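These notes concern the structure reproduced below.
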Amino acid sequence: MALPVVLLAVCTAVLPLSPAAAESGPPSAEASPRAGLRTSAGGGSVTSLALDGPHRSAAGRVLAPRTTGRFELIGVTWDGPAHAFADGTVRVRTRDAATGAWRDWQRLEADGEDGPDTPAAAGGARRAGTAPLWTGPSDGVAVEVTAGPAGPPPGLRVELVDPGRGAGSPAARTGPAEPAGGGRRSGHQAPRPEIVTRAGWGADESIRASDFEYTGQVRAVFVHHTATATAYECADAPRVIRAIYQYHVQSNGWRDIGYNFLVDRCGTVYEGRAGGTDLPVQGAHTLGFNADSAGVAAIGTYVEDAPPPALLTGLARISAWKLGLTGRDAGGRVKLVSSSSASRYPAGTTVSFDAVSGHRDGFSTECPGAALYPELPGIRTEAARLQGRADTAATR
């Protein structure tokens, strides 16, 4: 069955979308995926609609919204580095699958702020993309892409993600918490919070890379927000995580989901990138500073919406535990070396960070949002307290 056609505008050109060849098999490195329809266990799928054209339009806007298959998350990707789309904008409009009503236009973050430090695999060009947008159940889409001065980047594609019901697994679904004040190891080790495992949120392990990459000891935690919807039910958080996972792997071509952990608005902590929650798994969360760090993402968009207290507590608990595994002071300072000049600092620059920092401290981005970033001092204070560092906590 032919996939539906969607029309987009690029500058003054309106380009029809068409499906490309299907992809099979997981990526073995941070490499570029092929376009088409990619499926995952539990009914999840990613439909990739490639831009063809061009056809001219005097207005340079979307000609008409179109019907699509069901999806719950959308993003736009392109070939090459993030700066290939410098000063460009992307707006999307989606149709509610339950009511048939079209939602308002929404702008996607297009600064390509997340990503791996390692080069793309041989034979594959790195794909960059917007931050994904959680739409909820949808069955129609219209997209407007306005390019920057350099024109539209090659390989523009719209990615429609259906998270499905999740892969079933006999593995444990939740890692139990250690009681506060009990089971604590030496060296200011904070108690481990309860962590929902990858099996718990329904990860399809067949789509990620089969091996793992490890870094040096985790010395810093970078706090993010996922730039997805904020007003979600916490019971739906696993669906959001599955959708982000599929977008990162099947659309962007990363090894796995970029974040090491995620925290929902109810304070529940979720395992992110596979390889061991207590091990220094290298993620793809803070370009230039993915080594010797962990990325923790708050599920939602915290630009204007205030982060709930439970979310802040969850961020403090996972930060305190992860840093405490190697005796790192959650209220202290650390030095990291930039590995990419696409970060805020040229490659090779030694930079001093708070042990719990925001994404914007290492990359020119709004993340983790204007409402969440000011809460980081309080998160550091609570994390230091959980580590038993009353002296550090009192000074933050």
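Every number here is computed from the coordinates shown, using simple stated rules; none is lab data. Given the structure is predicted, the values throughout are model-derived calculations rather than measurements. In this analysis, Cβ positions are derived from the backbone assuming ideal geometry, glycine residues included, and neighbour counts consider all displayed protein chains.
Net charge of the neighbourhood of Cys234, taken over other residues with C-beta under 9 Å away and scored Lys/Arg +1, Asp/Glu -1, is -2. Quarter the surface of the alpha carbon convex hull of segment 269-396 and you get the mean projected area, 7.5 square nanometres. Rg and Dmax of segment 174-395, both derived from C-alpha coordinates alone, stand at 16.0, 47 Å. Phi angles of segment 292-303 translate, via the Karplus equation with coefficients 6.51, -1.76, 1.60 and θ = phi - 60°, into HN-Hα couplings of 6, 8, 10, x, 10, 10, 7, 6, x, 10, 10, 8 Hz per residue; Gly and Pro are given as x. If only the Cβ of Lys and Arg carry +1 and only the Cβ of Asp and Glu carry -1, the dipole of segment 257-396 around its Cα centre is close to 320 debye. The modelled label-to-label distance for the pair Tyr214/Arg103, using points 7 Å beyond Cα in the direction of Cβ, is 4.1 nm.
Each Lys or Arg adds one and each Asp or Glu subtracts one; over the other residues with Cβ under 9 Å from the Cβ of Thr67, this totals +1. Out of Val334, Ser364, Ala298, whose Cα points farthest toward the positive end of the dipole of segment 273-396 (charges: +1 Lys, Arg; -1 Asp, Glu; placed on Cβ)? Final value for the positive-end residue is Val334.
Ordering Val92, Val161, Val281 by the number of other Cβ atoms within 10 Å of each residue's own Cβ, fewest first, gives Val281, Val92, Val161.
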